[in-house]
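For reference, the structure is listed below as structure tokens.
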Amino acid sequence: MKIRRILVTGGAGFLGSHICDRLVAQGHDVICVDNFFTSQKVNVAHLLGKPNFELIRHDVTHPLWLEVDEIYNAACPAAPGHYQYNPIKTMKTSVMGAINVLGMAKRCKAKVLQFSTSEVYGDPSVHPQPESYRGNVNPIGIRACYDEGKRAAETLFFDYHRSNHVNIRVVRIFNTYGPRMHPFDGRVVSNFIRQALNGEDITIFGEGKQSRSFCFVDDLVEGIIRMMNGPDSFIGPVNLGNPVEFTMKQLAEIVIELCQSKSRLVYKPMPADDPSQRQPDITLAKANLGGWEPKVQLREGLAKTIAYFRALNLDQFRPPTPNF
Ligand code: NAD
Ligand code: UDP
């Protein structure tokens, strides 16, 4: 294997830190860049002593001069409470961050992979969502800073590819969960597990009939690495996620059962523009990524995530924003 120098932006975050793990274990020279807005150093602390790992505190809205062969661009708050906290900054992170990594990729002739999202489909009227579906996003709603920021980033990736021959990859990630999610990120899996383990009420938004399809982090990381290393003829966008769909009420009941919790379900108002359903069509990924498909069932993945949360000392975690 040829050792490559690889930049992971947002590399201290939930997904980014798992990508760093994989790349460091493969022997690559890994540079992790993060401003620690929604993460803490603990996610990569185990990598700090390794000779092939380097950590830089930096905000991707500002240019950075590095020499690299590959870039995984994961920097962006991903939980609704966090990306809505400073929506203008969220848009800047997506757009300026994309411009900065694409500029670097163009200069270094590096390959660059964008962490896009199922949110580009908005509240979808086509179900499940294939990559050809152009989405139903409210451009002026409270989720738009993230959705439209990610859509603009995809546009930039394809324009740099068409205009400047930058070697790109775009993956559209559907809800992913697992160890190293921030315990105070306000996302549904981390919220429900934290609440169930503490015997607190489980907060269901709306009637809990809205659905999501949850992918365990190991399955997603495998798909992302395959995409980066696949042929230059397949640049995406490609959906990566687990197609098995659950309602939020079903998820709450499974979490209560697995945590053996006495928590009660309580119902809170539904946030604006919350998609009512979401399920990836992964036909394209299967066909082009060596038959890739998720292997970890929800209960198995939740059990691993619950074990991680049980071992956490919550006092050591700083809520990134008051919105969780
Ligand atoms: P996360 O919040 O744990 O990770 C994001 C990381 O980016 C954090 O470490 C954060 O500190 C860093 N960051 C944020 N703004 C930055 C900036 N301006 N400069 C430098 N670093 C910055 O979230 P995650 O779930 O790991 O998401 C990673 C990427 O995957 C994001 O781009 C997100 O949009 C995308 N994604 C995630 C999911 C999911 O379900 N987890 C779904 C779709 C897309
Ligand atoms: N949700 C919920 N209770 C919570 C947090 C979230 O019912 O405590 C719902 C939320 O309204 C959404 C779904 O769970 O319908 C997934 O929310 P999350 O923030 O994890 O991600 P999204 O897919 O909306 O970006």
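Out of N164, M1, F205, whose Cα points farthest toward the positive end of the dipole of the chain (charges: +1 Lys, Arg; -1 Asp, Glu; placed on Cβ)?
Highest projection toward the positive end goes to M1.
Determine the dipole magnitude for segment 188-324: charges of +1 sit on the beta-carbon of Lys and Arg, -1 on that of Asp and Glu, nothing else is charged, the reference point is the Cα centre, and the result goes in debye to the nearest 20. If you can, show how the numbers build up before the last one.
Details: 15 positive and 16 negative charges, 62 e Å.
In debye, rounded to 20, segment 188-324 gives about 300.
For the chain, modelled as a Gaussian network with Cα springs under 10 Å, which listed residue fluctuates most, A196, A311, A285?
A311
Counting Lys +1, Arg +1, Asp -1, Glu -1, what net charge surrounds P124 among other residues with beta carbon under 11 Å of its beta carbon? All intermediate terms of the calculation are to be shown ahead of the outcome.
Values: positive: R134, R278; negative: E119, D123, D281.
Taking every Cβ under 11 Å from that of P124, the sum is -1.
Which of the trypsin sites (Lys or Arg not before Pro) found in segment 99-128 are in a DSSP loop and have at most 14 neighbouring Cβ atoms, other than their own, within 10 Å?
In loop regions of segment 99-128 (DSSP not H, G, I, E or B), the sparsely surrounded trypsin sites (Lys or Arg not before Pro) are K109.
Please return the longest stretch of the chain lacking exposed loop sites, where GluC sites (Glu not before Pro) count only if DSSP places them in a loop and at most 15 other Cβ atoms lie within 10 Å. Walk me through the numbers before you get to the answer.
On the way: sites that count: E67, E200, E207.
My reading of the result: 68-199 is the longest stretch.
For H165 and K2, what is the calculated FRET efficiency with R₀ set at 25 Å and r taken between the beta-carbons, to the nearest 0.05?
0.70
Apply the membrane-span-like helix rule to the chain: whole DSSP H runs, Cα extent along the own long axis of at least 30 Å, mean Kyte-Doolittle hydropathy at least 1.0. List the helices found. Walk me through the numbers on the way to the answer.
On the way: long enough: 87-108 (31 Å, 0.40).
Membrane-span-like by this criterion, though nothing is claimed about a membrane: none.
With both bridge residues required to lie in the chain, what share of the DSSP beta bridges run antiparallel, to the nearest 5%?
For the chain, the DSSP antiparallel bridge percentage is about 10.
Which residue, chosen from P128, N43, G149, occupies the Cα position most advanced towards the positive end of the dipole of segment 33-160, where the dipole is computed from +1 (Lys, Arg) and -1 (Asp, Glu) charges on Cβ about the Cα centre?
Result: N43, furthest along the dipole toward the positive end.
With only Lys, Arg, Asp and Glu charged, each at its Cβ (+1 for the first two, -1 for the last two), find how big the charge dipole of segment 1-144 is about the Cα centre; round to the nearest 20 debye.
Working: 15 positive and 11 negative charges, 56 e Å.
Dipole magnitude for segment 1-144 comes out near 260 debye.
Quote the FRET efficiency, to the nearest 0.05, computed for R318 versus E207 with a Förster distance R0 of 41 Å and r equal to the Cβ-Cβ distance.
The value I calculate is 0.80.
Can you give the extra length, in nm with one decimal, that the chain gains between E245 and S125 once fully stretched, where that is 0.36 nm per residue apart less the Cα-Cα distance?
Result for the pair: 41.6 nm of gain on full extension.
For labels at Q26 and K41 in the simple 7 Å Cα→Cβ model, what's the distance in nm?
That separation, rounded to one decimal, is 2.8 nm.
For the residues V221, V238, what sequence is obtained by ranking on other C-beta atoms within 10 Å, fewest first?
On the way: V221 19, V238 28.
Taking fewest neighbouring Cβ atoms as first place, the list is V221, V238.
Anyone know which of C259, C20, C215 comes out most mobile in the 10 Å Cα GNM of the chain?
C259
Above 35 angstrom, tally the Cα pairs of the chain and express them as a % of all pairs, no decimals.
15
Under a Cβ-only charge scheme (Lys and Arg +1, Asp and Glu -1), can you give me the dipole magnitude of the chain about the Cα centre, in debye to the nearest 20?
Using Cβ point charges on Lys, Arg, Asp and Glu, the chain gives about 380 debye.
Using a Gaussian network model on the chain with a 10 Å cutoff between Cα atoms, which of D159, D123, D147 fluctuates the most?
Fluctuation is largest for D159.
Please give the net charge around N164, taking every other residue with its beta carbon less than 14 angstrom from that of N164, where Lys and Arg add +1 and Asp and Glu add -1.
+4
What FRET efficiency do you get for R57 and N198 if R0 is 41 Å and r is their Cβ-Cβ distance, rounded to the nearest 0.05? Before the final figure, lay out the partial values.
Values: r = 31 Å, r/R0 = 0.77.
That pair, R57 with N198, gives E of 0.85.
Any read-out appearing in this document is the output of simple, stated calculations on the displayed coordinates, not a laboratory observation. Since we're looking at a predicted model, the values are computed, not measured. As a convention, Cβ positions derive from the backbone with ideal geometry for all residues, glycine included, and neighbour counts pool all protein chains shown.
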